[in-house]
Amino acid sequence: MIKNSRRKTFLLIFMFILLFVMIASLYGCNNAFLKPDDPAGKDMYYTRINNGDVKKNDDERYEYNLISYDKDGNEKKLKFTTARKLREHAYIELYVATFRGVTNWQEVQLDGLPRKVQEKYK
């Protein structure tokens, strides 16, 4: 009786571990994790560069901590680093993955921003 109970417990634990590994491997194959420069699976935010607040960190990278906006104009403070100082007052599109934060960025023109974001900068 005890052996049978232990066997059932072991099988139940094994099944949960197997299920967890399967789900984790499927989630880990998502574009948000594999391709930092691919917008698929990421939230897009937009900001304007202010080099007055930029700091150089221990890795000799430029650290930005800026107010950003999503396509609906909702505000969020985002932190990211770059290898070079970005152009003052440039508009930047940020690719934000759920667990990794900002994975990539690209410079855009004011007219390339969503309308609600444009209103924030006019």
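Each value in this text was obtained by applying a stated rule to the coordinates, not by laboratory testing. Because the structure is a prediction, the values reported are computed rather than measured. Because the Cβ atoms are built from the backbone with ideal geometry, glycine has one as well, and the counts that use them run over all protein chains shown.
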Practice problem: Counting only GluC sites (Glu not before Pro) that are in a DSSP loop and have at most 12 other C-beta atoms within 10 Å, tell me the longest site-free stretch of the chain. | Solution: 1-59
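Quick check on segment 35-121: what are the equivalent-ellipsoid semi-axes from the Cα gyration tensor, as sqrt(5λ), descending, whole Å?
Numbers: eigenvalues 78, 52, 24 Å².
Working from the Cα gyration tensor, I get semi-axes of 20, 16, 11 Å.
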Practice problem: Of the listed pairs Lys42/Lys76; Lys77/Lys116; Lys42/Lys85; Lys55/Lys76; Lys35/Lys122; Lys42/Lys120, which have alpha-carbon separations greater than 26 Å here? | Solution: Lys35/Lys122
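Calculate for the chain the 222 nm mean residue ellipticity that helices alone would give, adding -39,500 (n - 2.57) per DSSP H run of length 4 or more and normalising by residue count, nearest 500 deg cm²/dmol. Numbers along the way, then the final one.
Numbers: 3 runs with 38 residues, N = 122.
Using -39500 (n - 2.57) per qualifying helix, the result is -10000 deg cm²/dmol.
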Quiz prompt | Cut-off 9 Å between beta-carbons: net charge of the residues surrounding Glu107, Lys and Arg +1, Asp and Glu -1 | solution = 0
Exercise. Work out how much length Thr9 to Tyr121 would gain on full extension: take 0.36 nm times their residue separation and subtract the Cα-Cα distance, in nm to one decimal.
Key: 34.3 nm
Practice problem: Kindly express, to the nearest 10 degrees and within the range 0 to 90, the angle between helix 2-28's C-alpha long axis and the longest C-alpha principal axis of the chain. | Solution: 20
